[in-house]
Amino acid sequence: MPNLLAITGSPSVHSRTAVVVDQVLRRLSHSGYETAHLAVRELPAADLLSARRGEPEIRRAVEAVAEADGLIVATPIYKASYTGLLKAFLDLLPQDGLAGKTVLPIATGGSLAHVLTIDYALRPVLSALGARHVTAGRFVLDSAVERGDGPDRLRPEAELDLYQAVDEFADALRIAPAGALTTAH
């Protein structure tokens, strides 16, 4: 089975984006995939912002991207775009840093007014980095993440919609193995 890496670009410790990604990784793990989660906010800020690719934690993060067969790239939407934190990390990748990879983009936000951010802001960057296939992403409203006394979770209707995207991503991973040279988007 392919190994998958989720990259989250939220600066928040209590991120709704992380709740969504945890759901995605749980579903993929139950399907037999090896999964890992890279929260960009946990990388050393000075090294990230200074593009110090040779520093150990930055180097390991970039290597994790290179070794993954598929990626889940998730971000909250701030000011009609993905976070600067995610952009800083993506800028560290080589120009072909996503070559041969299948990518599932996910965004969270407070308003449906930002739903097209995946297609108009995030997808072009992922494609420019050489992703073999960027699957149909998902936008999850912040209000779909329920917070309470127990663990945070997604409302059932949001979970079903998210799982449809996850299943399409898994299908895309099975159709064309990692490393394929096609560039269909």
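Only residues that are among the polar types (S, T, N, Q) and either surrounded by 11 or more Cβ atoms within 10 Å (Cβ to Cβ) or modelled with pLDDT of 95 or more (or both) were counted across the range 148-185, and they come to 2.
For (1) surrounded by fewer than 13 Cβ atoms within 10 Å (Cβ to Cβ); (2) basic (K, R), each residue gets a yes or a no:
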residue	(1), (2)
R16	no, yes
V20	no, no
R26	yes, yes
A36	no, no
R53	no, yes
A64	no, no
L71	no, no
Y78	no, no
F89	no, no
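Within the range 1-38, take every residue that is in a strand (DSSP E or B) and of a type in the set (S, T, N, Q) and give me the one that is modelled with the lowest pLDDT. Per the stated criteria, the residue is N3. One residue stands out among those in the range 1-14 that are open to solvent by 30 Å² or more (accessible area, probe 1.4 Å) and not polar (S, T, N, Q): the one that is nearest to G148 (Cα to Cα), which is H14. Among the residues of the range 93-128, those identified as surrounded by fewer than 20 Cβ atoms within 10 Å (Cβ to Cβ), hydrophobic (A, V, I, L, M, F, W, C) and out of contact with any Ser or Thr (no Cβ under 8 Å at 6 or more places or on another chain) are L93, A99, L112, A113, V115, L116, V125, A128. Taking the criterion of being among the hydrophobic types (A, V, I, L, M, F, W, C) and without any contact (Cβ under 8 Å) to a residue 60 or more places away in the chain, the residues of the range 21-41 that qualify are L25, A36, L38, A39, V40.
The values are calculated or read from the model by the stated rules, or taken from the named source; none is laboratory data. All figures in this text were calculated on a predicted structure; none of them were measured in a lab. Note that each Cβ is placed from the backbone with ideal geometry, even for glycine, and that neighbours are counted across all protein chains shown. To get the accessible areas, we keep the full protein, side chains included, count just its heavy atoms, and leave off ligands, DNA and RNA. Shrake-Rupley method; radii C 1.70, N 1.55, O 1.52, S 1.80 Å.
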